[in-house]
2 protein chains.
Amino acid sequence: MADEIERKFLVRTNAWRSSADAGTHVVQGYLSSNAKATVRVRIYDDERAVITIKGPTEGISRREFEYDIPFADAQDMLALAEPHIVQKRRYTVPFAGLLWEVDVFEGAHAGLVVAEVELEHADQAVVLPDWIGEEVSHDDRYANASLSRMPGVPAR
Amino acid sequence: MADEIERKFLVRTNAWRSSADAGTHVVQGYLSSNAKATVRVRIYDDERAVITIKGPTEGISRREFEYDIPFADAQDMLALAEPHIVQKRRYTVPFAGLLWEVDVFEGAHAGLVVAEVELEHADQAVVLPDWIGEEVSHDDRYANASLSRMPGVPAR
């Protein structure tokens, strides 16, 4: 179990690509998203699979439990989650001592690019790269569970 | 992943106790119970913990995925699941070549005793012990997820 504390932003430009890794393909689906918990199954690069249980969000923090599971199980669970599926390529971008994750969404959410940074504590200072746009940490529409239920890119 | 096929009955008498094992104490909570999946966390005898994801019920069959998880994680998840908790003692009772599980509920559901038998296939013949009462396989009120949301013993 870990507490997940993260801030989330829209991405303004492609300048992050020059410092990004090759990225990892992510397919994820939601078996549950309610007041108590979000239950997500995720497949990385068509080989590694994890199930993640997240508790309720409190501010920008939430409890997170994550376990590796057999790939075949994850495929079956994604079928159960249909059509609540999100596909994206996730890039890692180091900047000013922090690791940013830039998610380039595909499929039903193509066009959406979001950057997240995970923090040690909620009031940690963060130096924002100049490719960062508006903060959406508190905009539920950008939660991947919300995106999975609604095709398209949320309107600004 | 396994398909779970089971039938469930009320228990009429205590005659099963003479063939039962010592039983295992079970505390379980539900993080989710919706049309796609039920997500259950369960602690056995205050030591072993598992998380179980069950797909939608189709007749008396449903997909089931189960993983061992750290005990401390399970305690945290049960706290998230509050008050949707079920406590019971589960006994194993062999009869006519099948293993029956008799659940003696405690706490909010004290007084309820239910027997389940897991089958290889849905139309398998089952010899019923004489302590077996009415079948409740298709009565959603006896699903543990339903019980967790409603204290008391369902009225007959």
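The values are calculated or read from the model by the stated rules, or taken from the named source; none is laboratory data. Computed from a predicted structure; not experimentally measured. As a convention, Cβ positions derive from the backbone with ideal geometry for all residues, glycine included, and neighbour counts pool all protein chains shown.
Against the test of being surrounded by 15 or more Cβ atoms within 10 Å (Cβ to Cβ), of a type outside the set (A, V, I, L, M, F, W, C) and either touching a Pro at 6+ places or on another chain (Cβ under 7 Å) or closer than 23 Å to A:Arg40 by Cα (or both), the options B:Lys88, B:Lys54 yield a single qualifying residue, B:Lys54. Among the residues of the range B:115-124, not a single one is within 14 Å of chain A (Cβ to nearest Cβ) and surrounded by fewer than 16 Cβ atoms within 10 Å (Cβ to Cβ).
If you go through the range B:119-140 and keep only what is of a type in the set (D, E, K, R) and at pLDDT 95 or above, you end up with B:Asp130, B:Glu134, B:Glu135.
Does A:Val104 satisfy being part of a strand (DSSP E or B), out of contact with any helix residue (DSSP H, G or I) (no Cβ under 6 Å at 6 or more places or on another chain) and away from every other protein chain (no Cβ under 14 Å)? Judged against the criteria, A:Val104 is a match.
Total residues in the range B:9-32 satisfying the condition of being over 19 Å from B:Ala108 (Cα atoms) and surrounded by fewer than 20 Cβ atoms within 10 Å (Cβ to Cβ): the figure is 11. Mind counting the residues in the range A:59-96 that are modelled with pLDDT under 90, in a strand (DSSP E or B) and within 12 Å of chain B (Cβ to nearest Cβ)? The qualifying residues number 2.
Taken over the range A:27-58, the criterion of being outside any strand (DSSP E or B) and within 14 Å of another protein chain (Cβ to nearest Cβ) is satisfied by A:Asn34, A:Ala35, A:Lys36, A:Ala37, A:Gly55, A:Pro56, A:Thr57. Among the numbered conditions (1) in contact (Cβ under 8 Å) with a residue 24 or more places away in the chain; (2) of a type in the set (Val, Ile, Thr); (3) within 12 Å of another protein chain (Cβ to nearest Cβ), the only one that B:Thr24 does not meet is (3).
The residues on offer are B:Arg17, B:Arg7, and the sole one that is in a helix (DSSP H, G or I), more than 9 Å from chain A (Cβ to nearest Cβ) and out of contact with any His (no Cβ under 7 Å at 6 or more places or on another chain) is B:Arg17.
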